[in-house]
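Student: Take this structure first; my questions come after.
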Amino acid sequence: MRFRGRLRVELSREIVEEDLEAIREALEAVGHHLVKGFRNPEEGGRVESWSYSGRVLELVISSGRLRLDEASMRVRRVLEEVLGRSRRLGVRGLRLEDAVVELDGEVRVGGRLPFVRGVEVVGGRTVIHLEPMDEGDLKRPILLRLLRLLNEKEVRARWGGKAEHWQLIKQSRVKLEPPPYTDDPNKVLEEAGLVKRFSVGQWLYTPLAAYLLRMVREVFLEEVVRPLGFVEAVFPKMYPLEVGLRTGHLRGTVNSLVFASLPKTYDIEEFEELTDYMYVMDEAPPEEVGRYVRYPEYFLCFAQCEPFYWFFGGELVDDGALPVKWYDMSGPSFRWESGGIYGLERVIEFHRVEVVWLGTPEQVVSIRNDLLKAYERFMDEVLDLEWRLAWVTPWYYEQSGTVEKVEEFDIDRPGTIDFEVWLPYRGPREDRKTWLEVGNISIHGTKFTEPFRIRHNRGRTLWTGCSGFGSQRWLISVLAQKGFNPENWPPKLREYLERNPPPDPVVLVTYPKTQSGRRELEQLVKYLSKYLRR
Ligand code: SER
Ligand code: ZN
């Protein structure tokens, strides 16, 4: 990589003959400072030539690895010091013009990059011409991020898309041979009317379905979350864009976010045309509604742990407050998926217990280990499922569009472990597609503590971790392996039924819709009859 550009330095008064000696001296000092910190001076910067006119001193600067913004600030500091001392000349402003970045190899650069005026490929090298940058631009890490972006584009181009990592860590013993239940519980739940499709990827859960979701979630909280000392918080479910910028979601998963807009005004009269139209036509065309709302300033809950990092962002934390162990289950998450939406397994609106923690690296690893052990017991003994654990591409890389190679598998380093459960209705265990990811557990390292500036008062490194328990998917897993008859359920779930009688199902003249659905519901009521509230 090489840089070149013209730096115009505006001084506090016109340059006169008598200043020139001091300027030469100052530029010599600049020369030394531009190679400071580089073993090979070629990698630093140098002043190729200079000239002046009026109050402006103009330097042509080239450099190997020293970025032009850094070089510019070094120039400013030295000039101010030397000229201020000897000639009472101050620096009033900087402007970088005709700046060029040359990269080795051919890098494809998209049409509208900020500050990029043009890109050409010359002799196997990519030459990027930049727009002028003034001092304010040079002080922001714009060039740094621009170069990082170009670098990531290059890496991604070389890998040809995202590199998915999946490595088996552990697998439960075979428990279901032959599997006692092989139907698709998604179908049964829908046909028997426990859930009704509301819109694409969205369901209404009738009281009996809500009860089943709560049953699985409560046993999880009782067996895993609460004994480990996690306490409940309530996180917002609509995030200002700024939050997504910090977590990386706006870059990495902008195609999966559901956005939210506020009305342009609170004054109902200003909606009159629209409300009159809807009154007469009895329809609401989205493009008409769109004229009355602002651009989206929010997106809906995505990873569910983002507000946790926001909360501690900018704060100083001491040992006394650590570790922090919270969970949130106050509302749904939203993921727009273009394909593959299916039953309760893959939805746009889902419910999850999100467990989050903050601490020193040792604390974060040890909490993850305790949680992992509890999860294993939960899957293996409490729910008695067939499960497996895999080391996968961390969700926080995938979701932020970061390109970083997955580290060699080391369980005590940042990374994500997925929990998967076998769904017999999908086919044999050997087929990878018959397993459902029901949750994950991650150590993020400083992935969130850095951008949110969560700091320790004595400078210790702080890490975070999180784990998501998707209620719908866990319920499907239990039903897919055990079926709907509680006699075949593990004792903890039956105990829950005994302690908490389930509500009646919904039966209307026209609901459930089909004969077979009605029969399935009858069967289900028979199974549940001894527990039902009477
Ligand atoms: N926040 C994590 C995720 O989105 C765990 O729920 O996968
Ligand atoms: Zn999370």
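Student: Can you compute 3J(HN,Hα) from phi for each residue in region 297-312, using the Karplus curve 6.51 cos²θ - 1.76 cosθ + 1.60 with θ = phi - 60°, rounded to whole Hz and x for Gly and Pro?
Tutor: Per residue, the Karplus-derived 3J(HN,Hα) values read 9, 9, 9, 7, 2, 10, 8, 6, 9, 3, x, 4, 5, 4, 4, 7 Hz.
Student: Ok, one more. Under 5 Å between amide hydrogens, which residues at least 5 positions from residue 117 or on another chain qualify, with H placed 1.01 Å from N in the peptide plane?
Tutor: 129, 130, 131
Student: Moving on to the next point. What percent of all Cα-Cα pairs in region 428-523 falls into each 5 Å bin, going from 0 up to the bin containing the maximum distance?
Tutor: That works out to 2, 9, 10, 13, 13, 12, 10, 8, 7, 7, 5, 2, 1, 0, in percent per bin.
Student: Right, something else. Would you kindly calculate the translational diffusion coefficient of region 258-299, applying Stokes-Einstein with the Kirkwood radius from alpha carbon pairs, for 4 °C and a viscosity of 1.567 mPa s, and quote it in µm² s⁻¹ without decimals? Could you put the intermediate results ahead of the total?
Tutor: Numbers: Rh = 11.0 Å.
Result for D is 118 µm²/s.
Student: Continuing with the same structure: When the helix-only estimate is applied to the chain (DSSP H runs of n ≥ 4, each -39,500 (n - 2.57), divided by the residue count), what is the mean residue ellipticity at 222 nm, nearest 500 deg cm²/dmol? Display every interim value, and only then the final one.
Tutor: Details: 16 runs with 168 residues, N = 534.
That comes out to -9500 deg cm²/dmol.
Student: Express the relative contact order of region 254-371 as a whole percentage, based on alpha carbon pairs under 8 Å and six or more residues apart in sequence. The partial results should precede the final answer.
Tutor: Working: 120 pairs, mean separation 32.7, N = 118.
Relative contact order for region 254-371 comes out at 28 percent.
Student: I would also like to ask the following. Using the 4.7 Å Cβ rule, please list in number order the cysteines from the chain without any candidate partner.
Tutor: When partners are defined as cysteine Cβ atoms under 4.7 Å apart, the chain leaves 301 without one.
Student: Ranking request for peptides 268-276, 61-69: highest mean number of other beta-carbon atoms within 10 Å first, then the rest in descending order. Please report the intermediate quantities before stating the final value.
Tutor: Details: 268-276: 11.7, 61-69: 20.3.
So the order, starting with the most tightly packed, is 61-69, 268-276.
Student: Let me know the shape class of region 306-388, please: from the alpha-carbon gyration tensor, a ≥ b ≥ c as square roots of the eigenvalues, rounded when a/c is under 1.5, otherwise prolate if a/b is greater than b/c, or oblate. Walk me through the intermediate numbers first.
Tutor: Numbers: a/c = 2.97, a/b = 1.34, b/c = 2.22.
Here region 306-388 falls in the oblate category.
Student: If you don't mind, another one. Can you tell me how much longer the chain between residue 2 and residue 289 gets when fully stretched, taken as 0.36 nm per residue apart minus their C-alpha distance, in nm with one decimal?
Tutor: Values: separation 287, 0.36 × 287 = 103.32 nm, distance 5.08 nm.
Full-extension gain reported as 98.2 nm.
Student: All other residues with a Cβ under 9 Å from the Cβ of residue 438 taken together, and with Lys, Arg as +1 and Asp, Glu as -1, what is their net charge? Walk me through the intermediate numbers first.
Tutor: Numbers: positive: 473; negative: 418, 420, 437.
Counting the neighbours of residue 438, the net charge comes to -2.
Student: Sequence-distant or interchain residues sharing an amide H contact under 5 Å with residue 260, placed H: which?
Tutor: So residue 260 has HN proximity to 297, 298, 299, 300.
Student: Once you put a point 7 Å from the Cα of residue 102 and another 7 Å from the Cα of residue 458, both along the Cβ direction, what distance in nm separates them?
Tutor: The modelled label-to-label distance comes out at 5.2 nm.
Student: Using the reciprocal of the averaged 1/r over all distinct C-alpha pairs, how large is the Kirkwood radius of region 205-325 in Å?
Tutor: Details: mean 1/r = 0.0538 Å⁻¹.
Evaluated over region 205-325, this radius sits at 18.6 Å.
Student: Which pairs break 27 Å Cα to Cα here: 325/492; 175/237; 175/492; 237/264? Can you show the working numbers first?
Tutor: Values: 325/492 25 Å; 175/237 39 Å; 175/492 18 Å; 237/264 21 Å.
Beyond 27 Å: 175/237.
Student: Could you sort the peptides 435-444, 112-121, 140-149, 200-209 by per-residue average Cβ neighbour count (10 Å cutoff), highest mean leading?
Tutor: Final packing ranking: 435-444, 200-209, 140-149, 112-121.
Student: If you don't mind, there's one more thing I want to ask. Can you compute 3J(HN,Hα) from phi for each residue in region 476-491, using the Karplus curve 6.51 cos²θ - 1.76 cosθ + 1.60 with θ = phi - 60°, rounded to whole Hz and x for Gly and Pro?
Tutor: Listing the rounded values in order: 4, 4, 4, 5, 5, 8, 10, x, 9, 8, x, 4, 9, 7, x, x Hz.
Student: Ratio of Rg to Rh for the chain, alpha carbon only, Kirkwood? Write down the numbers at each step before the final one.
Tutor: On the way: Rg = 30.4 Å, Rh = 27.8 Å.
Over the Cα atoms of the chain, Rg/Rh equals 1.09.
Student: Do any trypsin sites (Lys or Arg not before Pro) in region 173-222 lie in a DSSP loop with no more than 15 other beta carbon atoms within 10 Å, and if so, which?
Tutor: Values: sites: 173, 175, 187, 196, 197, 214, 217; in loops: 173, 175.
Sparse-neighbourhood loop trypsin sites (Lys or Arg not before Pro): 173, 175.
Student: Under a Cβ-Cβ cut-off of 12 Å, what is the net charge of the residues other than residue 341 that fall near it, where Lys and Arg count +1 and Asp and Glu count -1? Can you show the working numbers first?
Tutor: Working: positive: 197, 335, 346; negative: 337, 345, 349.
Around residue 341, the charge tally is 0.
Student: Sorting check: for 456-462, 71-77, which peptide has the highest mean count of neighbouring beta carbons within 10 Å, and how do the rest follow? Spell out each step's value before the answer.
Tutor: Details: 456-462: 13.9, 71-77: 20.3.
Going from most to least packed, we get 71-77, 456-462.
Student: Would you mind counting up the charge near residue 96? Only other residues with Cβ under 10 Å from its Cβ, with Lys and Arg at +1 and Asp and Glu at -1.
Tutor: On the way: positive: 6, 8, 95; negative: 69, 97, 98, 131, 134, 135, 137.
Taking every other residue near residue 96 into account, the sum is -4.
A short reminder: the numbers here are calculations on the coordinates, not readings from a lab. What you see is a predicted model, and the numbers here were worked out from it, not measured in a lab. A quick note on method: Cβ atoms are made from the backbone with ideal geometry, for glycine too, and the neighbour counts reach across all protein chains shown.
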